[in-house]
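The values are calculated or read from the model by the stated rules, or taken from the named source; none is laboratory data. Every value quoted in this text rests on a predicted model; they were computed, and no experiment measured them. All Cβ positions, even for glycine, are placed from backbone atoms using ideal geometry, and neighbour counts span all protein chains on display.
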């Protein structure tokens, strides 16, 4: 896989056609001025953030690995002042790492100074996170179910990339764990007796320097190593509907639908509820019936969550739930007819859906707790029954 380096940011349509849709990473240069970079030096950040408390990670080996059973980074965690953290990172005697810090949601000054292309509107951005790591710290091979811009403000990183289609050669942790998106392969010293297909995996290795921006498409595997003290911001943003067919999306959806209190944005990286059945229909037309099933359930559950838990006052949202139920009934019947789901599961699902239409609202016009819990149970049924059918 070859990674291009551009001296300009293409327009939105060109960027989609050349990089997003085919799942090709690309490095973009020349977007950040010298003044913008000065705000993100160690001294610049200390002057802005000061002694705000953070949680710093430290790992003896420098390699940060997530425990597949818990989903938690296997590292020591320390609550310290940001200024102290930066002082220790600059000394460089510890493998310290500050990961996933939602700093841009806390300090408006930093958010205003952060690069952002015109076509990334607030409604499609999922997260903007600050990463500050010591030299030689490594984030092990994994994929994310979001598109990602890594903005390298200070220092340099080495990033090893594998196209999303390489998933079969990269030995992800199995479904049922908290980390089905993590590879079990140590790509710096692979054990080909345990992971023989890794020998067939094709990769690209790139180094990004201060001022570079790397686009990592959804489900593209990547391992990140800090070659210097490194300061960067990751902007994660929503998938396009055309990215739904990526095998990593389906795999992630099945795994996490069962384990996390669902908001369907965690399944496919979309925060716009009105699009859920468009995505469901797209998955169904593409032959990805399992994902279509999950999205239908997630759509119902999210709507119930919004009307019951969030106590939406818009009466139209309640009528939308009935529409969701009707859509799901049609989908379940179609999947049963095609032999995608078994008769027992289909009958149980249809019964629950029909009962759902008969639920009464409480005195305030909101759906009851029983109704909400029934649809949450429905989603869990799909995940449990279909988990064994996922071969990737």
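Condition check for residue 41 on (1) surrounded by 13 or more Cβ atoms within 10 Å (Cβ to Cβ); (2) over 18 Å from residue 88 (Cβ atoms): one failure, at (2). Taking segment 215-285 as the region of interest, the helices (runs of 4 or more DSSP H) fully inside it that hold 1 or more residues being at pLDDT below 60 and crowded, with 23+ Cβ neighbours inside 10 Å are 247-259, 265-268. Restricting 165, 90, 94, 112 to those that are out of contact with any strand residue (DSSP E or B) (no Cβ under 7 Å at 6 or more places or on another chain) and free of Cβ contacts under 8 Å to residues at least 60 places away in the same chain reduces the list to 112. Beta carbons closer than 6 Å, at least 6 apart along the sequence or on distinct chains, pair a first residue in segment 1-17 that is in contact (Cβ under 8 Å) with a residue 12 or more places away in the chain with a second that is loosely packed, with under 15 Cβ neighbours inside 10 Å and part of a loop (DSSP other than H, G, I, E, B) for 1/202; 7/30; 12/119.
Quick grid of which residues meet (1) in a loop (DSSP other than H, G, I, E, B); (2) over 24 Å from the mean Cα position of the chain (by Cα):
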residue: 27; (1), (2): no, no
residue: 32; (1), (2): yes, yes
residue: 35; (1), (2): no, yes
residue: 47; (1), (2): no, yes
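Taking only segment 71-96 into account, find how many residues are modelled with pLDDT of 80 or more and not in a helix (DSSP H, G or I). Of the residues in segment 71-96, 9 are modelled with pLDDT of 80 or more and not in a helix (DSSP H, G or I). Do we have residue 19 as closer than 21 Å to residue 133 by Cα, modelled with pLDDT of 85 or more and in a helix (DSSP H, G or I) here? For residue 19, the condition - closer than 21 Å to residue 133 by Cα, modelled with pLDDT of 85 or more and in a helix (DSSP H, G or I) - is not met. Per the conditions (1) under 16 Å from residue 173 (Cα atoms); (2) in contact with a strand residue (DSSP E or B) (Cβ under 9 Å, 6 or more places away or on another chain), the sole criterion not satisfied by residue 196 is (2).
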